[in-house]
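The values are calculated or read from the model by the stated rules, or taken from the named source; none is laboratory data. Please read these numbers as outputs of a predicted model, since none were measured by experiment. FYI the Cβ positions are ideal-geometry reconstructions off the backbone, even for glycines, and counts take in every protein chain you see. With ligands, DNA and RNA removed, areas are computed over all heavy atoms of the protein, side chains included. Shrake-Rupley method; radii C 1.70, N 1.55, O 1.52, S 1.80 Å.
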Amino acid sequence: QVQLVESGGGLVQPGGSLRLSCAASGSLLGIYVMGWYRQAPGKQRELAASVTSLGSTNYADSVKGRFTISRDHAKNTLDLQMNNLEPEDTAVYYCNVRQGPFSYWGQGTQVTVSR
């Protein structure tokens, strides 16, 4: 069983930056994928960025060059550095871990980009 707790969301102006963090408790062994998903009002949840246990990263086209995902194995955390934020980035951001047949979600953190 894995528990995930997100933090770092908030209100920021367009062009600003935020850093999200996801603290994972429980055992993560073997092959797994950790990622940040987001869900805007009235839209489906979508992948923003992910990183595998082997270090391979994947980004949605809409965030490439602006977002950076990173994994701290010692602290067991997953961060998402978001720069040059746009109003279209407004969403609830969720941390996710997929390991074999299991998928774990955090409770989500709101990111609002507005003047």
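For first residues located in the range 7-19 and closer than 23 Å to residue 105 by Cβ and open to solvent by 50 Å² or more (accessible area, probe 1.4 Å), partners that are among the acidic types (Asp, Glu) and modelled with pLDDT of 95 or more and lie 6+ apart or on another chain with Cβ distances below 9 Å form the pairs 19/79.
Scanning the range 42-75 for residues that are of a type in the set (Lys, Arg) and within 19 Å of residue 111 (Cα to Cα) yields 43, 45, 64, 66. Can you work out which of the residues in the range 74-115 that are in contact with a Phe, Trp or Tyr (Cβ under 6 Å, 6 or more places away or on another chain) and part of a loop (DSSP other than H, G, I, E, B) is nearest to residue 52 (Cα to Cα)? Checked the range 74-115; the qualifying residue nearest to residue 52 (Cα to Cα) is 106.
Tallying residues that are closer than 22 Å to residue 44 by Cα, open to solvent by less than 30 Å² (accessible area, probe 1.4 Å) and of a type in the set (A, V, I, L, M, F, W, C) within the range 72-92 yields 4.
To keep it simple, each residue is scored yes or no on (1) touching a strand residue (DSSP E or B) at 6+ places or on another chain (Cβ under 8 Å); (2) open to solvent by 30 Å² or more (accessible area, probe 1.4 Å); (3) not in a strand (DSSP E or B).
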| site | (1), (2), (3) |
| --- | --- |
| 5 | yes, yes, no |
| 22 | yes, no, no |
| 34 | yes, no, no |
| 37 | yes, yes, no |
| 42 | no, yes, yes |
| 50 | yes, no, no |
| 54 | no, yes, yes |
| 65 | no, yes, yes |
| 70 | yes, yes, no |
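Selection within the range 8-44: residues that are of a type in the set (S, T, N, Q) and modelled with pLDDT of 95 or more. The member of this set that is nearest to residue 76 (Cα to Cα) is 21. Per this entry, residue 61 is counted among residues that are more than 11 Å from the chain's Cα centre (by Cα) and modelled with pLDDT of 95 or more. Across the range 93-108, the qualifying residues are those that are of a type outside the set (A, V, I, L, M, F, W, C) and closer than 22 Å to residue 65 by Cα, and the one among them that is surrounded by the most Cβ atoms within 10 Å (Cβ to Cβ) is 93.
Looking at (1) within 17 Å of residue 1 (Cα to Cα); (2) free of Cβ contacts under 8 Å to residues at least 40 places away in the same chain; (3) among the aromatic types (Phe, Trp, Tyr), which one does residue 104 not meet, given that it meets all the others? Residue 104 satisfies all of (1) within 17 Å of residue 1 (Cα to Cα); (2) free of Cβ contacts under 8 Å to residues at least 40 places away in the same chain; (3) among the aromatic types (Phe, Trp, Tyr) except (2).
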